[in-house]
Amino acid sequence: MIPFALPVRKIVTVLIVSTTLIVHGCISENEKSSQRLHNYFESIRNNEALLTAFFSEMPKGGDLHNHFSGSVYAETYWNYLLRLRPWFDTVTLAFEYDSVKLTNKKGDYRRYRSATQLIAANKLGDIKQRILQAWSVKDYVDLGIPSHKHFFDTFGKLPSGGWKETGVGLKELQNRAARENVQYLELMLRSVPSDRMITGEERYAASLKLVDYSDTVRLHAVLDSLTAAFRSIDLSADVKAFNEKLLAIHNQYVPDNNAVTIRYQTYVNRRNEPVKFFRDLLTAFEAAQTNTLVTGVNILSPEHGDVSMRDYKLHMYMFRYCSRLYNTVKYSMHAGELTLGLVKPEDLTFHIQDAVYIAGASRIGHGVDMAYESDNSSLLRYMAGQKIAIEINLFSNEFILQVKEDRHPVSLYRKYQVPIVISTDDAGILRSNLVHQYVLLAKRYPQISYTEIKQYIQNSITYSFIKETELKQALQDSLSQKIEKFEEKVLLDQATLTRKAIQ
Ligand SMILES: [Zn+2]
């Protein structure tokens, strides 16, 4: 509740805007207000500071493409690492907090220093800065390695914590979202942990290699027996343990509140070999079906990796298969996070369409290679008709793929009226936030009107995977009210500033 909401609304009603439709001649007060907002927005479109101030205050609904581990800032990981009393390799920046493993490093051992030793030598600050640079795009210029490699390598360098650290990270993201006027986060949290494996894994792997995936009868026969084998080793026990842990951590650290609601996606790693990939897909779907907090499933890891590319079609057919086993589960898929030069041209022609036509994704993450997809106009029409939303991550695509401005396909999706949502991807590693994405959108694409941007914000709740109908409706209603108040405030500020300028 804004303390001065009532007086502001009264003044605004008198001076500028009325929320009821009062017609003066042909133009209503609402239309006049819309025109004033439009004019103001156009007047700041080329000014990043003014746009940042505008979007910082504007309620932005949800962030639907948001990786938990990549969204927590490197400083938080650093603080966590220090609590473990680590030793740092002062050359490679590797760290170790297990004394046995440290002494096993033999010659390299001599390069390691404890935090205490580094403080005494006045060098801990330097190590911290270098580690923040290694764990994010901080100060990134050209480090002699491709930006996509620097980005994806980051995940392997971050210290991994347990559920408690997950809770602390979730709290950080919830607090940041509240300050940034973001009401909902749909976080790609983690895979369901499981190390159960069936006997005869190699036999199944060989069968999957031989089968023609489009021969769904034969493929499903293999997947049916694989599913039965996994169920016989009680994979559900791992899902149950995951669900209980997630519920406990969620309720302890980030319970639903009026400011920011958090829900989760589980995911599978597309770099895993097929049998393991399928096991993780089964647990991901089962978690999403049995846990209200888990709204959906995703597929992650660099799409241009060797295994990702080799098994792309198989993964799509496996998603399709699981969607029939668990037919209420929704899934968004990273698809088309590729561009010319990163892979062979022919590999740019089918990833989004396979995710849509074969796998049956409800949303697409990135979709950067859309312009290269074969028969992309039919695909775009299909996505628009089926309301398959596209998650646009402008800064991520700029840093990782060097795709930006009019090379980015956001205009293509807009042209065909595919529902658009704006998201961050990995705000921590990219040292970015959701405001930044909207600033880039407004500044780089002048053809996208304020009204459309507002629609994208509303899309971020409409196309969320929230399962609880009442919660979703409440978030939609509250977002509309918050935007209305925000617009009244903008108009009042402008009217006040204009009046002062005249006096
Ligand atoms: Zn992503």
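The values are calculated or read from the model by the stated rules, or taken from the named source; none is laboratory data. The model shown is predicted, which means the values in this text are computed figures rather than measured ones. Glycine gets a Cβ as well: all are built from the backbone with ideal geometry, and neighbour counts include every protein chain shown. For accessibility, only protein heavy atoms count, side chains too; no ligands or nucleic acids. Shrake-Rupley method; radii C 1.70, N 1.55, O 1.52, S 1.80 Å.
Give Q129, Q133 a once-over and let me know the one that is within 25 Å of E303 (Cα to Cα) and surrounded by fewer than 19 Cβ atoms within 10 Å (Cβ to Cβ). Full working, then the answer.
Numbers: Q129 fails: within 25 Å of E303 (Cα to Cα).
Among Q129, Q133, only Q133 is within 25 Å of E303 (Cα to Cα) and surrounded by fewer than 19 Cβ atoms within 10 Å (Cβ to Cβ).
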Count - residues of the stretch 163-193 that are out of contact with any Pro (no Cβ under 6 Å at 6 or more places or on another chain), part of a loop (DSSP other than H, G, I, E, B) and either closer than 26 Å to L479 by Cα or of a type in the set (D, E, K, R) (or both): 3
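Could you identify the single residue in Y438, Y456 that is within 17 Å of I390 (Cα to Cα) and either free of Cβ contacts under 8 Å to residues at least 12 places away in the same chain or open to solvent by less than 10 Å² (accessible area, probe 1.4 Å) (or both)?
Working: Y456 fails: either free of Cβ contacts under 8 Å to residues at least 12 places away in the same chain or open to solvent by less than 10 Å² (accessible area, probe 1.4 Å) (or both).
Result of the check over Y438, Y456: Y438.
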Odd one out for N272 among (1) among the polar types (S, T, N, Q); (2) without any contact (Cβ under 8 Å) to a residue 60 or more places away in the chain; (3) in a helix (DSSP H, G or I): (3)
Odd one out for I131, checked against (1) free of Cβ contacts under 8 Å to residues at least 40 places away in the same chain; (2) part of a helix (DSSP H, G or I): (1)
Selection count where residues are touching a strand residue (DSSP E or B) at 6+ places or on another chain (Cβ under 9 Å) and not hydroxyl-bearing (S, T, Y), scope the stretch 57-85: 13
Residues located in the stretch 284-299, provided they are surrounded by fewer than 24 Cβ atoms within 10 Å (Cβ to Cβ), under 21 Å from the mean Cα position of the chain (by Cα), of a type in the set (V, I, T) and not in a loop (DSSP other than H, G, I, E, B): T295
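Is it the case, given these coordinates, that L441 is under 30 Å from L132 (Cβ atoms), of a type in the set (A, V, I, L, M, F, W, C) and not in a helix (DSSP H, G or I)? Outline the logic, then answer.
On the way: under 30 Å from L132 (Cβ atoms): yes; of a type in the set (A, V, I, L, M, F, W, C): yes; not in a helix (DSSP H, G or I): no.
The answer is no for L441.
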The stretch 144-160, residues that are surrounded by 13 or more Cβ atoms within 10 Å (Cβ to Cβ) and of a type in the set (A, V, I, L, M, F, W, C): F151, F152, F155, L158
Any hit, the stretch 161-172, residues being open to solvent by 30 Å² or more (accessible area, probe 1.4 Å), on the phi > 0 side of the Ramachandran plot and touching a residue at least 60 places away in the same chain (Cβ under 8 Å): no
Any hit, the stretch 200-207, residues being farther than 20 Å from L325 by Cβ and not in a helix (DSSP H, G or I): yes
Failed criterion for A49 (all others in (1) of a type in the set (A, V, I, L, M, F, W, C); (2) in contact with a strand residue (DSSP E or B) (Cβ under 7 Å, 6 or more places away or on another chain); (3) open to solvent by 60 Å² or more (accessible area, probe 1.4 Å) hold): (2)
Only listed residue being more than 30 Å from A241 (Cα to Cα), in contact with a strand residue (DSSP E or B) (Cβ under 6 Å, 6 or more places away or on another chain) and open to solvent by less than 60 Å² (accessible area, probe 1.4 Å), chosen from F88, F54: F88
Checklist (1) of a type outside the set (G, A, S); (2) buried (at least 19 other Cβ atoms within 10 Å of the Cβ); (3) closer than 30 Å to R190 by Cα applied to Y97, failing item: (2)
Top-ranked residue of the stretch 52-78 - restricted to ones that are more than 16 Å from the ligand (Cβ to nearest atom) and of a type in the set (G, A, S), ranked as modelled with the lowest pLDDT: A74
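Residues are listed down the side, and each one gets a yes or a no for (1) in a strand (DSSP E or B); (2) over 21 Å from G428 (Cα atoms); (3) not aromatic (F, W, Y):
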position: L51; (1), (2), (3): no, yes, yes
position: S56; (1), (2), (3): no, no, yes
position: P59; (1), (2), (3): no, no, yes
position: H65; (1), (2), (3): yes, no, yes
position: L81; (1), (2), (3): no, no, yes
position: L93; (1), (2), (3): no, no, yes
position: L102; (1), (2), (3): no, yes, yes
Failed item, numbered, when Q447 is tested on (1) open to solvent by 10 Å² or more (accessible area, probe 1.4 Å); (2) under 30 Å from V329 (Cα atoms): (2)
Residue check for Y184: aromatic (F, W, Y), open to solvent by less than 60 Å² (accessible area, probe 1.4 Å) and more than 22 Å from N269 (Cβ to Cβ): yes
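This table checks each residue for (1) out of contact with any His (no Cβ under 7 Å at 6 or more places or on another chain); (2) open to solvent by 10 Å² or more (accessible area, probe 1.4 Å); (3) within 16 Å of the ligand (Cβ to nearest atom).
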| site | (1), (2), (3) |
| --- | --- |
| R407 | yes, yes, no |
| S411 | yes, yes, no |
| V421 | yes, no, yes |
| A427 | yes, yes, yes |
| L430 | yes, no, yes |
| N433 | yes, yes, yes |
| K485 | yes, yes, no |
| V490 | yes, yes, no |
| T496 | yes, yes, no |
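Select, from P345, P409, the only residue that is out of contact with any Phe, Trp or Tyr (no Cβ under 9 Å at 6 or more places or on another chain) and either among the basic types (K, R) or touching a residue at least 12 places away in the same chain (Cβ under 8 Å) (or both). Walk me through how you get there before you give the answer.
Details: P345 fails: out of contact with any Phe, Trp or Tyr (no Cβ under 9 Å at 6 or more places or on another chain).
Going through P345, P409 in turn, the sole match is P409.
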Where S362 falls short, out of the listed (1) surrounded by 22 or more Cβ atoms within 10 Å (Cβ to Cβ); (2) within 19 Å of the chain's Cα centre (by Cα); (3) in contact (Cβ under 8 Å) with a residue 40 or more places away in the chain: (1)
Subset of the stretch 309-361 (residues that are under 24 Å from I466 (Cβ atoms) and within 16 Å of the ligand (Cβ to nearest atom)): Y331, S332, M333, H334, A335, A355, A361
Odd one out for L223 among (1) within 16 Å of the ligand (Cβ to nearest atom); (2) outside any loop (DSSP other than H, G, I, E, B); (3) in contact (Cβ under 8 Å) with a residue 60 or more places away in the chain: (1)
All positions within the stretch 374-399 that are surrounded by fewer than 24 Cβ atoms within 10 Å (Cβ to Cβ) and in a loop (DSSP other than H, G, I, E, B): S374, D375, Q386, K387, I388
